[in-house]
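**Student:** Input: one structure, supplied below.
The values are calculated or read from the model by the stated rules, or taken from the named source; none is laboratory data. Computed from a predicted structure; not experimentally measured. Heads up, the Cβs are rebuilt from the backbone with ideal geometry, glycines too, and the neighbour counts pull from every protein chain shown.
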Amino acid sequence: MKITETKLKDCFILEPHLFKDDRGYFFESFNQKQFNNLIGKSVTFVQDNESFSTKGVVRGLHFQTGYFAQAKLVRAVKGAVLDVAVDLRPKSPTFGKHISIELTEENKKQLFVPRGFAHGFAVLSKTAIFSYKCDNYYNKKSEAGIMFNDPTLNINWKLSNEEILVSEKDADLPTLKEYF
């Protein structure tokens, strides 16, 4: 597996080795020992989630607070998404900065989003199945978020305003400045 640290410290792109032949392909999507060695720390995932969405859906920017903060390992199982991570660690030199990467069923890339980051994605294909591993259990009372179209973050979601579909809950999230 190839690993690349992004411009946001502790946030990594992982690319598995793909074995193809005339029957199809095989790849190891996760190996706990190898993963921990690659990122240089021990992360144990305890919950797997999956979502199905249609083109234009933007989910995020979400995070869990306090004791229930979560690190995530995410990937597109089907289709294509633009995946976004925002550094919300106040003492980080990259606080308020974000990265975005296309995760597709073809490229098989994964993004590791550490605790202290907001996360979201936009569906670029007709439909997408999105999978993510979490290192802590979801807790409704600890959920929080930042508005996906926060002008300070200025994220290019690669969709027109007319294409974007967000939940009422996500449309009512605060901006980064309002949250902090």
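**Student:** Within region 149-161, is even one residue in contact with a Ser or Thr (Cβ under 7 Å, 6 or more places away or on another chain) and either charged (D, E, K, R) or in contact (Cβ under 8 Å) with a residue 60 or more places away in the chain (or both)?
**Tutor:** So far as region 149-161 goes, yes, one or more of its residues are in contact with a Ser or Thr (Cβ under 7 Å, 6 or more places away or on another chain) and either charged (D, E, K, R) or in contact (Cβ under 8 Å) with a residue 60 or more places away in the chain (or both).
**Student:** On to the next question. Among the residues of region 1-29, which ones are under 14 Å from Glu106 (Cα atoms), free of Cβ contacts under 8 Å to residues at least 24 places away in the same chain and either out of contact with any strand residue (DSSP E or B) (no Cβ under 9 Å at 6 or more places or on another chain) or not in a loop (DSSP other than H, G, I, E, B) (or both)?
**Tutor:** Within region 1-29, Phe19, Lys20, Gly24, Tyr25, Phe26 meet the criteria.
**Student:** Moving to a separate point now. Within region 123-158, can you find the residues that are over 17 Å from Phe95 (Cα atoms), surrounded by fewer than 21 Cβ atoms within 10 Å (Cβ to Cβ) and either touching a helix residue (DSSP H, G or I) at 6+ places or on another chain (Cβ under 6 Å) or among the β-branched types (Val, Ile, Thr) (or both)?
**Tutor:** Scanning region 123-158 gives Thr127, Ile129, Asn136, Asn139, Ser142.
**Student:** Could you give me the residue pairs with C-beta distances under 6 Å whose first residue belongs to region 88-107 and is in contact (Cβ under 8 Å) with a residue 60 or more places away in the chain, whose second residue is aromatic (Phe, Trp, Tyr) and loosely packed, with under 15 Cβ neighbours inside 10 Å wherever it lies, and which are 6+ apart or on separate chains?
**Tutor:** Close Cβ pairs (under 6 Å, with a partner that is aromatic (Phe, Trp, Tyr) and loosely packed, with under 15 Cβ neighbours inside 10 Å) do not exist here.
**Student:** Among the numbered criteria (1) more than 17 Å from the chain's Cα centre (by Cα); (2) of a type in the set (D, E, K, R); (3) on the phi > 0 side of the Ramachandran plot, which single criterion is violated by Lys108?
**Tutor:** Condition not satisfied by Lys108: (1).
**Student:** Any chance you could count how many residues in region 33-51 are closer than 14 Å to Ala71 by Cβ and either touching a Ser or Thr at 6+ places or on another chain (Cβ under 7 Å) or part of a strand (DSSP E or B) (or both)?
**Tutor:** Going through region 33-51 one residue at a time, the tally reaches 4.
**Student:** Which residue pairs have Cβ atoms under 6 Å apart, sit 6 or more places apart or on different chains, and have a first residue in region 35-49 that is surrounded by 15 or more Cβ atoms within 10 Å (Cβ to Cβ) and modelled with pLDDT of 95 or more and a second that is in a loop (DSSP other than H, G, I, E, B) and of a type outside the set (Lys, Arg)?
**Tutor:** Val43/Ala71; Val43/Asp135; Phe45/Asp135
**Student:** Still on this structure, please answer the following. Collect the residues in region 99-122 that are under 17 Å from Ala71 (Cα atoms) and buried (at least 21 other Cβ atoms within 10 Å of the Cβ), keeping them in residue-number order.
**Tutor:** Selection gives Gln110, Leu111, Phe112, Val113, Pro114, Phe117, Ala118, His119, Gly120, Phe121.
**Student:** For region 83-97, which positions are in contact with a strand residue (DSSP E or B) (Cβ under 6 Å, 6 or more places away or on another chain), surrounded by fewer than 21 Cβ atoms within 10 Å (Cβ to Cβ) and of a type outside the set (D, E, K, R)?
**Tutor:** Passing the criteria: Thr94, Phe95.
**Student:** On the basis of being in a loop (DSSP other than H, G, I, E, B), farther than 24 Å from Ser42 by Cα and either touching a helix residue (DSSP H, G or I) at 6+ places or on another chain (Cβ under 9 Å) or at pLDDT 95 or above (or both), does Gly60 make the cut? Reasoning before the result, please.
**Tutor:** Numbers: in a loop (DSSP other than H, G, I, E, B): no; farther than 24 Å from Ser42 by Cα: yes; either touching a helix residue (DSSP H, G or I) at 6+ places or on another chain (Cβ under 9 Å) or at pLDDT 95 or above (or both): yes.
For Gly60, the condition - in a loop (DSSP other than H, G, I, E, B), farther than 24 Å from Ser42 by Cα and either touching a helix residue (DSSP H, G or I) at 6+ places or on another chain (Cβ under 9 Å) or at pLDDT 95 or above (or both) - is not met.
**Student:** Could I ask something else about it? Every residue in region 2-46 that is at positive phi and over 19 Å from the mean Cα position of the chain (by Cα), please.
**Tutor:** Gly24, Gly40, listed by residue number.
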